[in-house]
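Worksheet: one structure, shown below.
The values are calculated or read from the model by the stated rules, or taken from the named source; none is laboratory data. Quick caveat, the model's predicted, so the values are computed rather than measured. Cβ placement follows ideal geometry from the backbone for every residue including glycine, while neighbour counts extend to all protein chains displayed.
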Amino acid sequence: MEYLKAFRTLECTYEKAPEIFCAKYDQLRSEEMKEVYSQIYKPSDDTYLLIDAIYADLDNLVKSSPSRCLEIGPGSGLVTTTVALLLQKNYEEVYKNMKFYTLDVNEKASEATLFTFAQCNDLPESKIETITGSFNDYNNKEDEKSPDLQTDILIFNPPYVPCTDEEMEEALEKKDVSAAWAGGYGGREVIDKLIPKVRDFLSPTGIFYFLLIEDNDIYDITKSIIEAANEGLLEDQPKLTFEPIMKRECLGERQVIIKFYFE
Ligand SMILES: C[S@@+](CC[C@H](N)C(=O)[O-])C[C@H]1O[C@@H](n2cnc3c(N)ncnc32)[C@H](O)[C@@H]1O
């Protein structure tokens, strides 16, 4: 019930990140990168909702002096690039200590992200590390070879569209643009794999911005993330909690940004 109440009181703020940050993406469709950009997820309403929500929450995002930002599934790299630019312009001291990481199964997304980051503004390449791979391969305690990847700011706009088992298998195998939307049964297959890992991806003061659509059953996903993250914690240890911070309806799809953080 507590979960449902939080969602009911959510108001749409429709606060927009300054156009300048997003508009530059249009300049990127150069001949040089045309081929790469045809194989990745093109920034869409969900991308801009994520950007708007992070922009609206920027003052809170910087409170714990973050030094690492990781975006899972960056696609074009527009979200990470915009976050970097917003910090550079508004919180220079925080920006100076920040490093940006991205992790995508699609190698073309890593390529596009690096290009977007370098082209959009004066951000040096040394500020970003693009990794091609799946979040499934990180933070697996039972596998010694699995690397740890912890971050202060975690961002993910996951593949959430329901699809058949065949389509899901194809996306997992090809790791191409289909991996951007194919969410399997109920649109939940990729999302469900992340649920038990959220806490491990976050530093003790970490914040996670997660885009979901109501058809995925946001209440169930949120509850599952909170329960998994807080299981076995001692009373005085910080607990993960959440707040739905922005929502928007696009072509009948109700998209929501949930912010997870420790209190
Ligand atoms: C909906 S797109 C979002 C792209 C971009 N963040 C945006 O908002 O425009 C989802 C992205 O997640 C990537 N992806 C899918 N499964 C993944 C996984 N297991 N690990 C890492 N990235 C994944 C896809 O390749 C795609 O780039």
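Taken across the range 10-21, residues that are surrounded by fewer than 17 Cβ atoms within 10 Å (Cβ to Cβ), at pLDDT 85 or above, part of a helix (DSSP H, G or I) and over 17 Å from the mean Cα position of the chain (by Cα) do not occur at all.
What number of residues within the range 182-191 are on the phi < 0 side of the Ramachandran plot and buried (at least 17 other Cβ atoms within 10 Å of the Cβ)?
Adding up the residues that qualify gives 6.
Filtering the range 190-208 down to residues that are under 20 Å from VAL79 (Cβ atoms) and in a strand (DSSP E or B), which residue is nearest to the ligand (Cβ to nearest atom)? Looking at the filtered set, the residue picked out is PHE208. Mind telling me which of the residues SER44, SER38, SER110, SER65 ends up being in contact with a helix residue (DSSP H, G or I) (Cβ under 8 Å, 6 or more places away or on another chain) and not β-branched (Val, Ile, Thr)? Result: SER65 is the single residue among SER44, SER38, SER110, SER65 that is in contact with a helix residue (DSSP H, G or I) (Cβ under 8 Å, 6 or more places away or on another chain) and not β-branched (Val, Ile, Thr). Residue count for the range 84-126, restricted to those that are under 12 Å from the mean Cα position of the chain (by Cα) and more than 11 Å from the ligand (Cβ to nearest atom): 1.
Matching residues to (1) in contact with a strand residue (DSSP E or B) (Cβ under 8 Å, 6 or more places away or on another chain); (2) of a type in the set (Lys, Arg):
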site	(1), (2)
ASP52	yes, no
TYR55	no, no
GLY73	yes, no
THR81	no, no
LYS89	no, yes
GLU93	no, no
SER110	yes, no
THR113	yes, no
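One line per residue, one yes/no per condition, for (1) modelled with pLDDT of 60 or more; (2) within 15 Å of the ligand (Cβ to nearest atom):
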{"position": "LYS5", "(1), (2)": "no, no"}
{"position": "ILE40", "(1), (2)": "yes, yes"}
{"position": "TYR55", "(1), (2)": "yes, yes"}
{"position": "ASP59", "(1), (2)": "yes, no"}
{"position": "VAL79", "(1), (2)": "yes, yes"}
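Scan the range 102-112 and give yes if some residue there is closer than 28 Å to ASP59 by Cβ, in contact (Cβ under 8 Å) with a residue 60 or more places away in the chain and among the β-branched types (Val, Ile, Thr), otherwise no. Taking every residue of the range 102-112 in turn, none turns out to be closer than 28 Å to ASP59 by Cβ, in contact (Cβ under 8 Å) with a residue 60 or more places away in the chain and among the β-branched types (Val, Ile, Thr). For THR130, the criteria (1) within 19 Å of the chain's Cα centre (by Cα); (2) loosely packed, with under 15 Cβ neighbours inside 10 Å; (3) of a type in the set (S, T, N, Q) hold in every case but one, which is (2). Here the range 133-181 is the region considered, the condition is being more than 8 Å from the ligand (Cβ to nearest atom) and part of a strand (DSSP E or B), and the residue that is farthest from the chain's Cα centre (by Cα) is VAL161.
Just one of the listed residues (ASP152, ASP143, ASP137, ASP148) is in contact with a Gly (Cβ under 7 Å, 6 or more places away or on another chain) and of a type outside the set (A, V, I, L, M), namely ASP152.
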